[in-house]
1. Please name whichever of ILE56, ALA107, HIS42 sits farthest to the positive end of the charge dipole of the chain, dipole taken about the Cα centre and charges placed at Cβ: Lys and Arg +1, Asp and Glu -1.
2. Tell me the label-point distance for the pair ARG53, ALA12, using the 7 Å Cα-to-Cβ offset, in nm and rounded to one decimal.
3. Once both labels are modelled 7 Å past Cα along the beta-carbon direction, what's the GLU162-ALA104 spacing in nm?
4. How big, on average over all directions, is the shadow cast by the Cα convex hull of the chain, in nm²?
5. Report the full-extension gain for the segment GLU116 to ALA130: residue separation times 0.36 nm, less the Cα-Cα distance, to one decimal in nm.
6. Skipping prolines and chain starts, which residues have an amide H placed within reach, meaning under 5 Å, of the one on THR120, given they are 5 or more residues away or on another chain?
7. Is there a quick way to get the dipole size of the range 16-168? I mean about its Cα centre, with the Cβ of Lys and Arg at +1 and of Asp and Glu at -1; what is the value in debye to the nearest 20?
8. Put +1 on the Cβ of each Lys and Arg and -1 on the Cβ of each Asp and Glu in the chain; which of PHE146, LEU88, THR120 then has its Cα farthest toward the positive end of the dipole?
Amino acid sequence: ERTWRKSGPKIALFHLLREVFGLTDKASGFVYLFVGGHLQNHGIYELVRRHCRYIIACDAGADPRYGFEDLGNAIRKCRTDLGVEIDLDVRQIAALDARSYNGAPCAVGSVRYSEEEVGTILYIKASRRAGVPSDVLHYASENAAFPHEATSDQFFSEAQFESYRGLG
């Protein structure tokens, strides 16, 4: 409650050292979370390991078939390694209408740490949907893979960057 309004710690080195030596937990004021794709791509595993009550996971990975491989990997690792069940129905995100718009841009589920301790997860997936700005629709019409272009391309054009930003 003391730190959530702050943009960061006044002296970051202290908190970074706590993180390096594994001294952070769910009660820590600041947690440095770096995913980098080494364990899984959303940061879900580390947030579950810390028993976070609310988890927001944003998935902008290339997934044109909506197979949710990264999400499935994270859920499986949480169950196997941590004994935590994540119940998240993503079928509405994968559902496409006649215009190839997704049924929903996100899904809400539960994270069952124990019988008494249950958290909430909000999973947001880069998706096409009605109501996006005209410039985003234009970019999508010119780039069939959008919004699932390969993440290996780290040098976005201005139009590409603004189109992804336009999705939210």
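The values are calculated or read from the model by the stated rules, or taken from the named source; none is laboratory data. All figures in this text were calculated on a predicted structure; none of them were measured in a lab. Ideal geometry is used to build each Cβ from the backbone, glycine not excepted, and the neighbour counts take in all protein chains shown. Heavy atoms of the whole protein, side chains included, go into the accessibility calculation; ligands, DNA and RNA do not. Shrake-Rupley method; radii C 1.70, N 1.55, O 1.52, S 1.80 Å.
1. Final value for the positive-end residue is ILE56.
2. About 2.8 nm, to one decimal.
3. Reported label-point gap for GLU162 and ALA104 is 3.2 nm.
4. Average of the hull's projected areas for the chain equals 11.8 nm².
5. Roughly 1.1 nm would be gained on extension.
6. Here TYR54, ILE55, VAL111 satisfy the definition.
7. About 220 debye.
8. Farthest along the dipole direction, towards plus: THR120.
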